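Worksheet for the structure shown next.
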Amino acid sequence: MTLARLARKYGAVIFFPTFTVTTILVDWTHTRAWKEQQRQLARNKELLTD
């Protein structure tokens with residue numbers, strides 16, 4: 001089998017799991033950064049109100 005035939009045959013098998021994992025990791029990273037930002041805002045607000 002040629003490389004092009006293998007890519008055509010198994011393209012979806014490789015693409016969809018890779019896309020799914022990438023999407024999950026990007027969302028997880030964004031959520032982690034957002035939560036850290038929310039914690040920082042809460043700390044700053046707490047410091048301002050004391």
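The values are calculated or read from the model by the stated rules, or taken from the named source; none is laboratory data. Everything numeric in this text was worked out from a predicted model, so none of it was measured. In this analysis, Cβ positions are derived from the backbone assuming ideal geometry, glycine residues included, and neighbour counts consider all displayed protein chains.
Criterion applied to Arg43, Arg32, Arg8 was being modelled with pLDDT of 95 or more and surrounded by 10 or more Cβ atoms within 10 Å (Cβ to Cβ), and the one residue passing it is Arg32.
Set side by side, the residues Val21, Val13, Val26 differ, and just one is exposed (fewer than 10 other Cβ atoms within 10 Å of the Cβ) and either of a type outside the set (D, E, K, R) or in contact with a Pro (Cβ under 7 Å, 6 or more places away or on another chain) (or both), which is Val13.
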